[in-house]
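Engineer: Below is a structure I'd like to ask you about.
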Amino acid sequence: MNNDTVYYDAAISDDLRRKRLFEGQLFVYSPRPTTLAFVEFARSMIEEAFAGRDPRTAQDAMDVQQYAAVLGKLKPAFIHHPESKRHLQAILEEFGCDLGRTYFDVPRMRSSTSGDYLTTGIAFAWHAHRDTWFSAPPCQVNWWMPIYDIESENAMAFHPRYWTRPVNNSSGGYNYYKWNKLHRGANVAKMTKEDNRPMPRATEPMDLDPQVRLICPAGGIILFSAAQMHSSVPNTSGVTRFSIDFRTVDLDDAKARRGAPNVDSSSTGTVMRDFIRGSDLSRVPDDVVALYDDETTAEGDLVYTPQGA
Ligand SMILES: [Fe+2]
């Protein structure tokens, strides 16, 4: 089947939706009560952090180090806030996911400043990548939601031709455990000029056009497979974009090793231990994690133990 479809507000089961996602299709949903509640919560944290400044234009009035320091406090506070997990549970339930089988990771808050103000560290501008280059399992589903309205000039982009087309890339040098050991906890808020973290990336020129940018209102949500090639659009909109993303894995998919085809990823280690179950926040069972692990786990102290699990 070709990856040629964007489903809009599709009223289908989560099982069928994941099947379509693993075929490379995209889903976009209008704002719903649970997503709007999460956006409202995120906005209150952002607006408090910027102390009365409009967060979308605060970059114009702030020194970049000072700005990065604000994000450096705000983002971890959001990620680890207990309310964030409750919002995710509510969203997954509203979207028809079985919470007894659906595992999620902590939601990340992202920002994309306009122009060249800040594109490294705490506000990293993502080059084209697949999450599977970063040790995501083929059954992972990504959820992405704007916190304020977006436009084409500050959106994210998909590069659908790469669903079936392999790209030479450096994912073979990426091991999730080593990455955590070396870079987790690094003070990314201080990386305002350069960002030397060795992220997997294409090692050959790519054709990023034609590309697809899905524009939904704040609280709308976009679903895509972890194998989908995507990037941050260079922000030329004049305002900062704030968004939330999180990832899910269905236990039945994980057990059956269902998911998107792997065309070019050779990362090692797995992010499977980061996921917690929707119903009770328990971790993915060890025997299931083992299906995705490799000999790099033998370096036992490198295995990351997630917070809140
Ligand atoms: Fe990504």
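The values are calculated or read from the model by the stated rules, or taken from the named source; none is laboratory data. Keep in mind that what you see is a predicted model, and the values were worked out from it rather than measured. Cβ sites come from the backbone with ideal geometry, for glycine too, and all protein chains shown count toward neighbours. Calculation scope for accessible area: heavy atoms of the full protein, side chains included, ligands and nucleic acids excluded. Shrake-Rupley method; radii C 1.70, N 1.55, O 1.52, S 1.80 Å.
Engineer: When you look at LEU92, is it in a helix (DSSP H, G or I), away from the ligand (no atom under 16 Å from the Cβ) and over 18 Å from GLN228 (Cβ atoms), yes or no? Show your work before the answer.
Structural biologist: Details: in a helix (DSSP H, G or I): yes; away from the ligand (no atom under 16 Å from the Cβ): yes; over 18 Å from GLN228 (Cβ atoms): yes.
Taking the combined requirement at face value, the residue satisfies it.
Engineer: Across the stretch 24-63, what is the number of residues that are open to solvent by less than 40 Å² (accessible area, probe 1.4 Å), farther than 21 Å from ARG108 by Cβ and touching a residue at least 12 places away in the same chain (Cβ under 8 Å)?
Structural biologist: Of the residues in the stretch 24-63, 3 are open to solvent by less than 40 Å² (accessible area, probe 1.4 Å), farther than 21 Å from ARG108 by Cβ and touching a residue at least 12 places away in the same chain (Cβ under 8 Å).
Engineer: If a residue has to be away from the ligand (no atom under 16 Å from the Cβ) and not in a loop (DSSP other than H, G, I, E, B) to count, how many in the stretch 243-284 make the cut?
Structural biologist: The total comes to 13.
Engineer: Residues being in a loop (DSSP other than H, G, I, E, B) and either within 12 Å of the ligand (Cβ to nearest atom) or among the charged types (D, E, K, R) (or both): count how many of those fall in the stretch 215-242.
Structural biologist: Narrowing the stretch 215-242 to residues in a loop (DSSP other than H, G, I, E, B): 215-220, 226-229, 233-240.
So of that shortlist, the ones also either within 12 Å of the ligand (Cβ to nearest atom) or among the charged types (D, E, K, R) (or both) come out as 226-229.
Of the residues in the stretch 215-242, 4 are in a loop (DSSP other than H, G, I, E, B) and either within 12 Å of the ligand (Cβ to nearest atom) or among the charged types (D, E, K, R) (or both).
Engineer: Given the conditions (1) assigned to a loop (DSSP other than H, G, I, E, B); (2) more than 30 Å from ASP63 (Cα to Cα), and given that ASP287 satisfies all but one, which numbered condition is not satisfied?
Structural biologist: (1)
Engineer: Let me ask something additional. Can ALA256 be described as modelled with pLDDT of 95 or more, open to solvent by 10 Å² or more (accessible area, probe 1.4 Å) and more than 21 Å from the chain's Cα centre (by Cα)?
Structural biologist: So ALA256 passes the test.
Engineer: Test each condition in (1) within 26 Å of GLY115 (Cα to Cα); (2) touching a Ser or Thr at 6+ places or on another chain (Cβ under 6 Å); (3) crowded, with 19+ Cβ neighbours inside 10 Å for TYR174 and report the one that comes out false.
Structural biologist: Single failed check for TYR174: (1).
Engineer: Taking the stretch 105-124, which residues are within 12 Å of the ligand (Cβ to nearest atom) and either at positive phi or not in a strand (DSSP E or B) (or both)?
Structural biologist: Taking the stretch 105-124 and keeping what is within 12 Å of the ligand (Cβ to nearest atom), we get 108, 110, 124.
Result: PHE124, single match.
Engineer: Also, quick follow-up: Evaluate the stretch 28-49: report whether one residue or more is among the hydrophobic types (A, V, I, L, M, F, W, C), closer than 25 Å to GLU194 by Cβ, assigned to a helix (DSSP H, G or I) and more than 21 Å from the chain's Cα centre (by Cα). It would help to see each step written out before you state the result.
Structural biologist: Filtering the stretch 28-49 for residues among the hydrophobic types (A, V, I, L, M, F, W, C) gives 28, 36-39, 41-42, 45-46, 49.
Filter once more, keeping what is closer than 25 Å to GLU194 by Cβ: 49.
Now restrict to residues that are assigned to a helix (DSSP H, G or I): 49.
Those left that are additionally more than 21 Å from the chain's Cα centre (by Cα): 49.
There is at least one residue in the stretch 28-49 that is among the hydrophobic types (A, V, I, L, M, F, W, C), closer than 25 Å to GLU194 by Cβ, assigned to a helix (DSSP H, G or I) and more than 21 Å from the chain's Cα centre (by Cα).
Engineer: Which residue is modelled with the lowest pLDDT, if the candidates are limited to the stretch 196-215 and must be open to solvent by less than 30 Å² (accessible area, probe 1.4 Å) and under 29 Å from TYR67 (Cα atoms)?
Structural biologist: Filtering the stretch 196-215 for residues that are open to solvent by less than 30 Å² (accessible area, probe 1.4 Å) and under 29 Å from TYR67 (Cα atoms), the one modelled with the lowest pLDDT comes out as MET199.
Engineer: Then there's this: Going residue by residue through the stretch 167-178, is there one that turns out to be free of Cβ contacts under 8 Å to residues at least 60 places away in the same chain and either away from the ligand (no atom under 15 Å from the Cβ) or not β-branched (Val, Ile, Thr) (or both)? Can you show your working first?
Structural biologist: First pass over the stretch 167-178, keeping only residues free of Cβ contacts under 8 Å to residues at least 60 places away in the same chain: 170, 173.
Then drop every residue that is not either away from the ligand (no atom under 15 Å from the Cβ) or not β-branched (Val, Ile, Thr) (or both), which leaves 170, 173.
Yes: the stretch 167-178 contains one or more residues that are free of Cβ contacts under 8 Å to residues at least 60 places away in the same chain and either away from the ligand (no atom under 15 Å from the Cβ) or not β-branched (Val, Ile, Thr) (or both).
Engineer: What number of residues within the stretch 130-139 satisfy the criterion of being crowded, with 20+ Cβ neighbours inside 10 Å and within 10 Å of the ligand (Cβ to nearest atom)?
Structural biologist: 5
Engineer: Run down THR102, THR192 and say which single residue is away from the ligand (no atom under 16 Å from the Cβ), on the phi < 0 side of the Ramachandran plot and open to solvent by less than 10 Å² (accessible area, probe 1.4 Å).
Structural biologist: Details: THR192 fails: open to solvent by less than 10 Å² (accessible area, probe 1.4 Å).
After applying the criteria, what remains is THR102.
Engineer: Another question about this same structure. Which members of the stretch 142-160 meet the condition of being more than 12 Å from the ligand (Cβ to nearest atom) and of a type in the set (A, V, I, L, M)?
Structural biologist: Matches in the stretch 142-160: MET145, ILE147, ILE150, ALA155.
Engineer: While we're on this one: Working only within the stretch 84-96, note down all residues that are in contact (Cβ under 8 Å) with a residue 40 or more places away in the chain and either open to solvent by 60 Å² or more (accessible area, probe 1.4 Å) or within 19 Å of THR240 (Cα to Cα) (or both).
Structural biologist: First, the residues of the stretch 84-96 that are in contact (Cβ under 8 Å) with a residue 40 or more places away in the chain: 84-85, 87-96.
Once the filter is applied, which keeps residues that are in contact (Cβ under 8 Å) with a residue 40 or more places away in the chain and either open to solvent by 60 Å² or more (accessible area, probe 1.4 Å) or within 19 Å of THR240 (Cα to Cα) (or both), the stretch 84-96 yields GLU93, GLU94.
Engineer: Ok, one more. Identify, from the list THR248, THR236, THR268, the residue that is closer than 24 Å to ASP14 by Cα and among the polar types (S, T, N, Q). Spell out how you get there, then give the answer.
Structural biologist: Details: THR236 fails: closer than 24 Å to ASP14 by Cα; THR268 fails: closer than 24 Å to ASP14 by Cα.
None of the other options fit; the residue is THR248.
Engineer: How about the stretch 170-195: which of its residues are modelled with pLDDT of 80 or more, part of a helix (DSSP H, G or I) and not hydrophobic (A, V, I, L, M, F, W, C)? Show your work before the answer.
Structural biologist: Going residue by residue through the stretch 170-195, those that are modelled with pLDDT of 80 or more are 170-181.
Adding the requirement that they be part of a helix (DSSP H, G or I) leaves 171-173, 176-181.
SER171, GLY172, GLY173, TYR176, TYR177, LYS178, ASN180, LYS181 - these are the residues of the stretch 170-195 that are modelled with pLDDT of 80 or more, part of a helix (DSSP H, G or I) and not hydrophobic (A, V, I, L, M, F, W, C).
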